[in-house]
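Heads up, the thing below is written out as structure tokens.
Any read-out appearing in this document is the output of simple, stated calculations on the displayed coordinates, not a laboratory observation. No experiment lies behind these values; they were computed from the predicted model shown. Positions of Cβ are backbone-derived with ideal geometry, glycine not excepted, and every protein chain shown enters the neighbour counts.
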Amino acid sequence: MATLARLRPTIARRTPFRVAARALQTSADTTQPLDTPHKSEPFQVKLHEDSFHTYRLDAPPNFEVEVTKDMLMTMYKEMSTMRRMEMAADALYKAKLIRGFCHLAIGQEAIAVGLEHAITKQDLVITAYRCHPFAVMRGGTIKGVIGELLGRQAGMSNGKGGSMHIFTPNFFGGNGIVGAQVPVGAGIAFAAKYQEKPIATFAMYGDGASNQGQVFEAFNMAKLWNLPCVFVCENNKYGMGTSAERSSSNTQYYTRGDKIPGLQVNGMDIIAVLQACRFAKNWAVSGNGPLVMEFVTYRYGGHSMSDPGTTYRTREEIQRMRSTQDPIRGLQHYIEEWGLATEEELKKLDKQAKAEVDEAVEEAKASPEPKIEDLWTDIYYKGTEPPFMRGREREEVHYY
Amino acid sequence: MNTYQSIRDALSHALVRDDTAVIFGEDVAFGGVFRCTMGLAEEFGRERVFNTPLSEQGIVGFGIGIAAMGHTSIAEIQFADYIYPAFDQIVNEAAKFRYRSGGQYHVGGLTIRTPTMSVGHGGLYHSQSPEGFFMGAAGVKVVIPRSPIQAKGLLLASIRDPNPVIFMEPKILYRSAVEQVPIDDFELPIGRADVLIAGSDLTLLTWGTPLYHCETALHMLASPPPQVSRHVPESLRGAKVELIDLRTILPWDVETVVESVNRTGRLVIVHEAGLTAGAGAEIAATVQKKCFLKLDAPVKRITGWDTPVPLQYEKFYIPDAIRILDGIVETLIY
């Protein structure tokens, strides 16, 4: 290992290989209005020309995006609420009320929120363990998420799953095993195609999971059978404590689908996320087969609650991302700059978000823990269980 | 019908009765290496019966996704020896889907068919019996049939069981076991053992291929051939041995086995997988607890050796009739 450690600097310092000549734009606030932003009518804005990089795609998504004030304000409120919720989870964890594993998506809010505004409730999403914002955006509640984290009956899996195991009827959950949800997503897309439903399935994973063998297995099957599946890599630059450059021979994750076209997207500008997801959904339902979409984003916190997140990157780096590329501050900048709302009005939304989260936390905390009998439910379908299951201690045996 | 024909017949019933049912796996559209899916692609279409790439983890993950959408998803892993790459998908995803979603989702429509056990010359990667590895995976069921009729009834029951099922087909029986199989759609119960021969002196418990070796051993016990007769005391030749086919390995039929051992006081378990932490270990532990005061002899396990399945000496690896006979005699005279 000592030899390896000595070798590493020369490897790590190599300039990262770039497919496109120019680096992807990763600022959150580079979109410009094309016509006068209007408070009640839709208006056009133009994304920075480096918001997308393409791989085997004839053309990138349109840089001109139609938005409305209402949509931008809603997205702002939702991102702000998601961040508040994750901060509440952070506090509850540190207060030892949430135990076990907990992965927060602070910094990555633009993806869950932007995606939801581009797709319909019929479209399907499956993701990995950093799943809380998706669960809420896909029809869950903050109380349901916090309740699940706390392991209470009010939780979306009745308190039996925990942080990584939250589902809604169109969201196939957080999944705790790195990469395992990707072939499952391909299967979901297959079933949707079999039913001839005009919907897209978004199978999401991180830059860390992108090196799992089964991700490539899923790519191959999806392309082979032309499945309406969008593989979404949320590249937050670190797979646990190892940077993308140290873990991946090719860090351009959108190019990893071989024959599957790819799209790299500025994941910090929610308008770019929105436009890319609209493009991806359209791509999938138009019979083009799969697409590999990479969002370049950043997580402010550690990988999980047990990781301070500062041993493998500098505090300055995190601070720089927070102050220059934050997706919520980026959208705030647009709203204020374009004269859609004032700072005070946005502050009011922030306050509402905080109040909403605080209330949900209290309600979740008031919910009781799962009943002891529920330890043995939902293992097998009711009525088909084995005669008995063993319990927590020797004498505790549950007979069905 | 032999076993592969009865399995093909069962699959055909499953596809006819259920529009959402799909069959996929390596080479299944061509009929599969053991001919279990012969002609199904032609009959039901390539959209419903199709080949997959050689990627077991992907196949099971893909099957879980289909089942999570409420479909009937019948995956084939070409040999049980190849199921290990899919172990994570089976144990962490399929088995836990219902529990970790608080009952919102399940993959009950998933059935994984896979040929198992030895053929005499399969060697390390074509003769293993991995059923024991799945015994701790609460949430899945593991079923192993012994004959064509059993295979058809149990497979249809497995496909329609609202839990994910691993259906392991003893591959030597595909051609060698022949029965008059009813052509109707019928199911046999999962989770229930089958008492094949009633007896009162010893319980002989097994599943799959070794059942036939057990049967031979019982004939040898009653009328030993000259070469072994001196090892079989006259007094034991009239022993009444109860032969049980366990059929479902998870959840296994504790009630039937315990009831039997409480009557006979002796238990011999036979399986092809190695001794250490094989399925027999779990059964022996439960039986010694539940039948402790009724046991007249230690629970005996006659199994494969704790080595890889060797190519050249595979016949010596598997528990054959002589070893079973020896185990029965030893347990009876204990």
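Name the residue farthest towards the positive end of the dipole of the protein assembly as shown from the options A:T120, A:N226, A:F52, assuming +1 on Cβ of Lys and Arg, -1 on Cβ of Asp and Glu, about the Cα centre.
Result: A:F52, furthest along the dipole toward the positive end.
Please compute the average number of Cβ atoms from other chains found within 10 Å of each residue's Cβ in peptide A:372-380.
The shielding value for this peptide is 5.
Hey, got the average number of other protein chain Cβ atoms within 10 angstrom for residues in B:81-94?
Other-chain Cβ atoms within 10 Å of each residue's Cβ, averaged: 2.
With both bridge residues required to lie in the protein assembly as shown, what share of the DSSP beta bridges run antiparallel, to the nearest 5%?
DSSP beta bridges in the protein assembly as shown are roughly 30 percent antiparallel.
Calculate for the protein assembly as shown the 222 nm mean residue ellipticity that helices alone would give, adding -39,500 (n - 2.57) per DSSP H run of length 4 or more and normalising by residue count, nearest 500 deg cm²/dmol.
Calculated at 222 nm, the ellipticity per residue is -11000 deg cm²/dmol.
For peptide B:135-141, compute the average count of partner chain beta-carbon atoms within 10 Å of each residue's beta-carbon.
The shielding value for this peptide is 2.
Per residue of the stretch A:76-89, what does 6.51 cos²θ - 1.76 cosθ + 1.60 with θ = phi - 60° give for ³J(HN,Hα)? Whole Hz please, x for Gly and Pro, Karplus curve as stated.
4, 4, 5, 4, 5, 5, 4, 5, 4, 4, 5, 5, 5, 4
To the nearest 20 Debye, how big is the dipole of the protein assembly as shown about its Cα centre, given +1 on the beta carbon of each Lys and Arg and -1 on that of each Asp and Glu?
1280 debye
What list of ³J(HN,Hα) couplings, whole Hz, do you get for the stretch B:6-12 from phi and the Karplus terms 6.51, -1.76, 1.60, once you set θ to phi - 60° and write x for glycine and proline?
3J(HN,Hα) across the stretch B:6-12, in whole Hz: 5, 5, 4, 5, 4, 4, 5.
How high is the relative contact order of the stretch B:194-332, in percent, counting Cα pairs under 8 Å that sit 6 or more residues apart?
About 33 percent, as a whole number.
When the convex hull of the C-alpha atoms of chain A is computed, what volume per residue in Å³ does it have?
Looking at chain A, the number lands at 170 Å³ per residue.
Quote the relative contact order of the stretch B:3-173 in percent (integer), defining contacts as alpha-carbon pairs under 8 Å separated by 6+ residues.
24 percent
For A:D258, put the label point 7 Å out on the Cα→Cβ axis and report which residues of the stretch A:289-306 keep their amide N under 16 Å from it.
The answer is A:290-292, whose backbone nitrogens lie closer than 16 Å to the label point.
Which peptide among A:392-399, A:89-96 comes first, and what is the full order, when sorted by highest mean count of other Cβ atoms within 10 Å?
A:89-96, A:392-399
Using the number of other C-beta atoms within 10 angstrom as an exposure proxy, rank A:Y300, B:Y99 with the fewest first.
A:Y300, B:Y99
For the stretch B:194-332, what is the number of Lys pairs with C-alpha distance below 22 angstrom, counting only pairs 8 or more positions apart or on separate chains?
Number of lysine pairs found: 5.
Rounded to the nearest 5, what % of the DSSP beta bridges within chain A are antiparallel ones?
About 45 percent, rounded to the nearest 5.
What is the calculated FRET efficiency for B:I322 to A:R390, with r their C-beta to C-beta distance and R₀ = 30 Å, to the nearest 0.05?
The formula returns an efficiency of 0.20 here.
At 0.36 nm per residue, and after removing the present C-alpha to C-alpha distance, how many nm does the segment from A:Q32 to A:D374 gain when stretched out fully?
Gain in length upon complete extension: 117.7 nm.
Using r as the Cβ-Cβ distance of A:A23 and B:H121, and R0 as 51 Å, what FRET efficiency do you calculate, to the nearest 0.05?
With R0 = 51 Å, the Cβ-Cβ based efficiency is 0.30.
Would you mind ranking A:L331, B:L221 so that the residue whose beta carbon has the fewest other beta carbons within 10 Å leads the list?
B:L221, A:L331
Nearest 10 degrees is fine. How inclined is helix A:327-337 to the longest principal axis of chain A, computing both from alpha carbons?
50 degrees
Below 10 angstrom from the Cβ of A:H165, what's the summed charge of the other residues (Lys, Arg +1; Asp, Glu -1)?
Summing Lys and Arg as +1 and Asp and Glu as -1 gives +2.
How high is the relative contact order of chain B, given as a whole-number percent (alpha carbon pairs under 8 Å, six or more residues apart)?
After rounding, I find 17 percent.
Just report the Cα centroid separation between the stretch A:110-166 and the stretch B:125-187, whole Å.
The distance from the Cα centre of the stretch A:110-166 to that of the stretch B:125-187 comes to 37 Å.
Going by average Cβ neighbours within 10 Å, how do the peptides A:159-167, B:191-199, B:124-132, A:69-77 rank, with the highest at the top?
Those peptides, ordered most packed to least, come out A:159-167, B:124-132, A:69-77, B:191-199.
Give a residue-ordered list of calculated ³J(HN,Hα) values for the stretch A:346-360 (Karplus: 6.51 cos²θ - 1.76 cosθ + 1.60, θ = phi - 60°; whole Hz; x for Gly, Pro).
Each residue's phi maps through the Karplus curve to give 5, 4, 5, 5, 4, 5, 4, 4, 4, 4, 4, 5, 4, 5, 4 Hz.
Any of A:K121/B:K141; A:K69/A:K94; A:K96/A:K354; A:K94/A:K371 with alpha carbons more than 32 Å apart? Name them for me.
Listed pairs above 32 Å: A:K121/B:K141; A:K69/A:K94.
Taking H placed 1.01 Å from N in the peptide plane, check which residues at least 5 places from B:L196 or on another chain put their amide H under 5 Å from its amide H.
Those lying under 5 Å, H to H, from B:L196 are B:L243, B:I244, B:D245.
Kindly put B:V91, A:V285 in sequence by how many other C-beta atoms sit within 10 Å of each C-beta, fewest to most.
A:V285, B:V91
To the nearest µm²/s, what D does Stokes-Einstein give for the protein assembly as shown at 20 °C and 1.002 mPa s, using the Kirkwood radius over alpha carbon pairs as Rh?
So the translational diffusion coefficient is about 76 µm²/s.
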